[in-house]
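Reviewing the structure listed below.
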Amino acid sequence: MGSKRIRSRKKNGKQISMKSVLLLLKYVRKYTPGYLALELLLVIGNSAWDILVGMLYVKYLFDALEKGADYRRVLAVTFCMIGYRMVLTLYGKWMANVYRPKANLKLHERMQTKLYEKALQLDLASYDNTEFYNDFIWAIRESDTRAVKVLTDVCSLCSCVITLVGMGAVFAAIDWMAALVVLASSVLGFFVRTKANQIRYAKAKEMNPITRKLDYFTRVFYQNEYAKELRMGNMGALLQEDYEQTAEGKIACAKKYAPKLIGISLASELITSVLFNVGLLGYLMWRYLTDAGFTLGDFSVGISATWKLFMRVNQLIGFLAQFQEHSIYAEKFRTFVTQKPQILNGTEKAEAFESLELRHVSFTYPFPEKNPKQVLSDVSFTVRKGEKIAIVGYNGAGKTTLTKLLMRLYDVTDGAIFYNGTDIRNYDISSFRAHIGSVFQDYKIFAATIGENVMGGTYTDAQKEAVESALTAAGFSEKYQKLPQKADTELTREFDEKGINLSGGEGQKIAIARAFAKNSDILILDEPSSALDPIAEYELNKTIEAAAKDRTVIFISHRLSTTRMADRIYLFDGGKITEQGSHEELLAKKGFYADLYNSQFDKTQTA
Ligand code: ADP
């Protein structure tokens, strides 16, 4: 069910989805009101100029020359034309240098903010769907520049249509046959361009995953976080080799499409340039020479209009094809911004924690669809206020998945989880998550100050005490005291050269402090001590015991020495609970837990 809705809609690239293009324009209008109207005004002004000067004024001049008209009138008309051009040029310059750059920046910023907001609402499962994720990246990369391109092209399209209709009408009045030829070659040209566009789309689609892969290589080679591993192993050489193969794949892809693209662009040139342009000029010449009623003015209008029409028709065809491309991108953008989260918000407000019960919970990740595997099956247990629960088991047993379900980052496939006796799906998500503090195994430190990192958002001086006590509880105080800027110290050197880079263990302590500072009823700690040294681990265990005395703690641990303090231990194997009880009970059972414990204990002894 869920997967169906987040699966991206496939487009064959043939249709122009005006709905998606209009949605982009709607955002342009919403974020930069007036932009479209001002552009359209310029377009109308320019189109009127094209018709006035390109056709009527030229005809007027030639006819005046032929018939000997009053030169003062000719001069007055000419000055009017110059005045009009000056006003139009000034307006065009203002648009190009003042209004448009500002509006583009504003549009970019607002579109990006919208996309970030949407990204925050996305279900975690969306990230598991490769096809959706590809489109998502495409939407993020393209949407803002696309919106401006769509706007520019809509205006140019309007300009084309206005001039075409105007010129076409004048042209048809002079020679309807010629007007018909223009129309016929336009239609032919359109089909050729459409074909070209389909080929370009197929090429872009094939190139997209290759480009993403190449982006990954670039990231690996320039980002700090990979630098050490690359120097210490052979990954660098392997990745370089892989990069070369991928880059060659890109060249092969470009080669594959090159003949088709050359063929199609030649056909397009032949139709528009040779047939239409040269053919029409010949025809006009023939009319002037053979038809006495065909004046010099008509001939000159014919010539200039042929060129202008040729340009405009070409432009129009280009735009229509361009709109196909726009609509493909716009469709991806639409899929993304109209994406409804599957983790639906309930209405109930979660009160202070009393109990958490898992009843026959089973779970299968929605992706991969082709090879779904049940990760948790029929898991049931209850956690009461103040209890310390340890979850242990081999890698891949489903422990982290369980914590994700507890935080409602995914919804269970079967069974249910009850918080204070109510299904967690009935709660307002943020009110429910407010009761849970967590440290993820793959915790992240943000490029922000220590204060902001610990508070998990805005930090003010009034929160200094809370931040410092959380840091002390997490065992970071020694390092913290040495920092001159204390809570205002910038973490990472991403934006600030004076920022500090933390070691793995130190970073983990910040993540733990973040969970402590949240002051939540429940703490979920996924391998909280994995990056800590034995002393720090011992300290952390003591702090968890002290700082979380009144709190409920669910922690995942590989190291069974940390599980001694748990009230209850659940041993997971293959997504199922296979053993449960206190440390002593499980040791007495002499089962898998006891074996695991003894093997780890032996190792410690030998070490
Ligand atoms: P543990 O924490 O016990 O090491 P996990 O809960 O991380 O185990 O993983 C359990 C199983 O679920 C593994 O087989 C893993 O490959 C799979 N898995 C984890 N995350 C995802 C995901 N996002 N999509 C699909 N399968 C996943």
* Structure fact -> Among strands (runs of 3 or more DSSP E) completely within the range 305-403, the ones holding 1 or more residues that are within 16 Å of the ligand (Cβ to nearest atom) and charged (D, E, K, R) are 374-384
* Structure fact -> Scanning the range 390-415 for residues that are open to solvent by less than 10 Å² (accessible area, probe 1.4 Å) and closer than 16 Å to residue 356 by Cα gives 390, 391, 402, 403, 405, 406, 408
* To do: Looking for whichever is within 20 Å of residue 51 (Cα to Cα), away from the ligand (no atom under 16 Å from the Cβ) and assigned to a helix (DSSP H, G or I) here; the options are 192, 148, 181. Which one fits?
  => 181
* Out of all the residues in the range 561-570, is one or more within 16 Å of the ligand (Cβ to nearest atom), assigned to a strand (DSSP E or B) and in contact (Cβ under 8 Å) with a residue 60 or more places away in the chain? -> yes
* To do: Would you point out the residue of the range 530-560, among those that are open to solvent by less than 10 Å² (accessible area, probe 1.4 Å) and hydroxyl-bearing (Ser, Thr, Tyr), that is farthest from the ligand (Cβ to nearest atom)?
  => 552
* Hey, any hits in the range 411-421 for a residue that's within 13 Å of the ligand (Cβ to nearest atom), in a loop (DSSP other than H, G, I, E, B) and within 18 Å of residue 570 (Cβ to Cβ)? -> no
* Structure fact -> Given the conditions (1) crowded, with 19+ Cβ neighbours inside 10 Å; (2) away from the ligand (no atom under 16 Å from the Cβ), every one holds for residue 129 apart from (2)
* **Pair list, Cβ under 7 Å, 6 or more apart: the range 114-137 residue under 13 Å from residue 338 (Cα atoms), other residue assigned to a helix (DSSP H, G or I) and open to solvent by 20 Å² or more (accessible area, probe 1.4 Å)** => 115/140
* Asked: Among the residues of the range 456-468 satisfying the criterion of being modelled with pLDDT of 90 or more and under 15 Å from residue 520 (Cα atoms), which is nearest to the chain's Cα centre (by Cα)?
  -> 467
* Within the range 427-447, track down each residue that is assigned to a loop (DSSP other than H, G, I, E, B) and within 16 Å of the ligand (Cβ to nearest atom). => 440, 441, 442, 443
* Residue in the range 87-102 that is within 25 Å of the chain's Cα centre (by Cα) and either among the hydroxyl-bearing types (Ser, Thr, Tyr) or surrounded by 12 or more Cβ atoms within 10 Å (Cβ to Cβ) (or both) present -> yes
* Selection count where residues are part of a helix (DSSP H, G or I), farther than 22 Å from residue 183 by Cβ and open to solvent by 20 Å² or more (accessible area, probe 1.4 Å), scope the range 289-304 -> 3
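For every residue, the table says whether it meets (1) in contact with a strand residue (DSSP E or B) (Cβ under 6 Å, 6 or more places away or on another chain); (2) open to solvent by 40 Å² or more (accessible area, probe 1.4 Å); (3) modelled with pLDDT of 95 or more.
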| position | (1), (2), (3) |
| --- | --- |
| 347 | no, yes, no |
| 362 | yes, no, yes |
| 373 | no, yes, no |
| 441 | yes, yes, no |
| 449 | yes, no, no |
* To do: Exactly one condition in (1) crowded, with 16+ Cβ neighbours inside 10 Å; (2) hydroxyl-bearing (Ser, Thr, Tyr); (3) under 23 Å from residue 189 (Cα atoms) is not met by residue 265; state its number.
  => (1)
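The values are calculated or read from the model by the stated rules, or taken from the named source; none is laboratory data. These figures come from a predicted structure and were not determined experimentally. Positions of Cβ are backbone-derived with ideal geometry, glycine not excepted, and every protein chain shown enters the neighbour counts. Heavy atoms of the whole protein, side chains included, go into the accessibility calculation; ligands, DNA and RNA do not. Shrake-Rupley method; radii C 1.70, N 1.55, O 1.52, S 1.80 Å.
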